[in-house]
Amino acid sequence: RDGRIVSCGRDRVTKVWDQGGQQQVAFAAFGDLALRCAICNETNRVIAGDWTGEIRVWNVADGAQVGTLATNPLKLEMRMQQATAAVAAADAAYKPLAEVAAASTKALNDLKAKLAAAQKLVVDYKAAYDTAKGQVETYNKEIAKLDGELKAATAIVNKLTPVVPALTESVAKAKDAAAKNAEDKEVAQLAAQLEALTNKRNAELEANKKTATERTTAIAKNKELLAKATTEMNTADAEMKKAEAEVVATTNLIKPAEEKLAADTAKANDAAGVLEAAKASLTYWQAEIQFTAQLSDLRTRLNAAFDMLTAKMQSHQDMVDAAAVAEGEFNKSNAALAEAKTTAENANVRVTTAVKTDNDAKKALDTATTNHQAATKAANALQAGLAPLAAAIASADEAVTKSGGDADLKAAADSLKTLKTKKETELKAAQELLTTRTTELKTAKDGYTATQAELAKAQKALTDARALVATREAELKPFEVKLADARTAVENAANGVTEAEGGVDTVEAQIKELQQPS
């Protein structure tokens, strides 16, 4: 593939050349004339054979021969039988050697464990020895300290023992003298001083007696502990020396055991290598037999997968054609529905506008009604008030006349007349406003009647349009279901094609993987 050339011939040497004709590799010569040669690009190996039928395989990278090929190879089953027999023979040779190596390993491990145990004993007994030795030193120091305190207390006891009785007798005599001469205070005072000194010396004597007793007991206890610690120290020292001797003796045995293990292991490893090679050969031929069976099965499965893919693709095309027909029917019905919805939307806008207009007209009518009622009420009130006011003026004029022209009465009568004139003017204005309000009310009523009529028409148009939408939706539903079913069928068919393609790809990948050199 890269332009290299491989050649062989009468010189019995197989060679590799580059594109320019320069020799790259020359392999070992055959024993007879070389006849044919070839190169394997995937493995970068050269295969060549001579007149005698010998076939060699070389690695181009380093020129090394990697093996030979048989011109008339045995069947795979026979090769596996030979490999099985070779494994049995190699295993029979390996097992006794492995047992010897295992025994040597155990012996060495036992020695190492024994050495570790002895070394631990040395450490443990050394620690026990150091601890006991420290205790011996501590107890000796404590005994020396206690002995010093005992001697000091004993000296004081020995000193005071004869003194206290004499002082006691002297106190008795002094007290007797003081009793006989009660008037002499000096004698009594001296007797008291002497008694105090006696008590002090007696207390000192008793305290030191107690100290001497306590120190004697403590010395005896510490001597017992000292004896025990001394025994423990001597025992630990003796055991430590025994353990040290064991360490030396065991250490001397380890090297010969290691040498024996190395020799036994080497023999077992050599036999294991032969066994593993035999197992590898057996595994190889088992794999070759399995490879042949798998490849045959995969090729059968690949043909079936291609047949399945062809059928799935035809089914998919049939579903696509059916879906196109269903989509055309759906689009036609959907367009009719869209037109009906547009009509309904326009009718809805008309109703919305009519409702707003009707609401505005109703508001205008309500306003006109309210204004008309207010104007009527105001005009009626003014009209009703003029008659009583005229009667009041007549009564006031009569009173002025009868009073002979009383100025105050005349002024009151004039005020009533002025008020009547004002109310008549207001009544005229109210009547004119009422006329206006009456006209406005009629206009509002006419407008409201017209908007009511328009609203009714718009609502009917909306009802008709919605009914048409419902009809078109009902008409569309079967086409929608048909199209959905058709699309589902297309999708399922496409999935079937994809699945079938995946099946083909899977089998092809398995074949490719199976054929990859290991």
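Close amide H pairs (under 5 Å, H built 1.01 Å from N) link residue 24 with 16, 17, 18, residues at least 5 positions away or on another chain. Summary of the geometry: segment 37-109 and segment 281-356, compared by the centres of their Cα atoms, lie 55 Å apart.
Other residues lying with their Cβ under 14 Å from the Cβ of residue 215 contribute a combined charge of +2, Lys and Arg counting +1, Asp and Glu -1. If I take every Cα pair under 8 Å that is 6 or more residues apart in the chain, average their sequence separation and divide by the length, what percent do I get for the relative contact order? RCO, the chain: 16 percent. Using the Karplus relation 6.51 cos²θ - 1.76 cosθ + 1.60 with θ = phi - 60°, the per-residue 3J(HN,Hα) values for segment 40-55 come to 9, 5, 5, 10, 6, 10, 10, 10, 8, x, 10, 5, 7, x, 6, 10 Hz, with x marking Gly and Pro. Summary: within the chain, the longest segment free of GluC sites (Glu not before Pro) located in DSSP loops with at most 14 other C-beta atoms within 10 Å is 184-518. What is the chain by shape, rounded, prolate or oblate, if you read a ≥ b ≥ c off the alpha carbon gyration tensor as root eigenvalues and call it rounded for a/c under 1.5, prolate for a/b larger than b/c, and oblate otherwise? The shape class here is oblate. By the combined test of axial Cα extent (at least 27 Å) and Kyte-Doolittle hydropathy (mean at least 1.6), none of the DSSP H helices of the chain qualifies.
With a cut-off of 13 Å between beta carbons, the residues surrounding residue 429 carry a summed charge of +1, where Lys and Arg count +1 and Asp and Glu -1.
Rounded to the nearest 500, the 222 nm mean residue ellipticity of the chain from helices alone is -32000 deg cm²/dmol, with -39,500 (n - 2.57) taken per DSSP H run of at least 4 residues. Unpaired Cys in the chain, meaning no second Cys C-beta under 4.7 Å: 40. Looking at the square roots a ≥ b ≥ c of the eigenvalues of the Cα gyration tensor of segment 5-73, which shape do they give, rounded for a/c under 1.5, prolate if a/b is larger than b/c, or oblate? Taking the square roots of the gyration eigenvalues as a ≥ b ≥ c, segment 5-73 is oblate.
Net charge around residue 159, counting only other residues with Cβ within less than 13 Å of its Cβ (Lys, Arg = +1; Asp, Glu = -1)? Residues near residue 159 contribute +2 overall.
Our coupling estimate for segment 20-30, obtained by passing each phi through the Karplus curve with A = 6.51, B = -1.76, C = 1.60 and θ = phi - 60°, is x, x, 8, 5, 9, 9, 10, 8, 4, 6, 6 Hz, Gly and Pro reported as x. Close amide-amide hydrogen proximity is noted between residue 35 and 49, 50, 51, each under 5 Å apart and 5 or more residues distant or on a separate chain (H modeled in the peptide plane; Pro and chain starts excluded). Exposed loop sites are taken as trypsin sites (Lys or Arg not before Pro) in a DSSP loop (any state but H, G, I, E or B) with at most 11 other beta carbon atoms within 10 Å; the longest stretch of the chain without one runs 76-518. The amide H of residue 55, built 1.01 Å from its N in the peptide plane, has 69 as neighbours under 5 Å, considering only residues 5 or more places off or on other chains.
Rounded to the nearest 20 debye, the dipole size of the chain about its Cα centre is 1260 debye, using +1 on the Cβ of Lys and Arg and -1 on the Cβ of Asp and Glu.
No lab work stands behind these numbers, since they all come straight from the coordinates. Predicted model, so just to flag it, every value in this text is computed and none were measured. Positions of Cβ are backbone-derived with ideal geometry, glycine not excepted, and every protein chain shown enters the neighbour counts.
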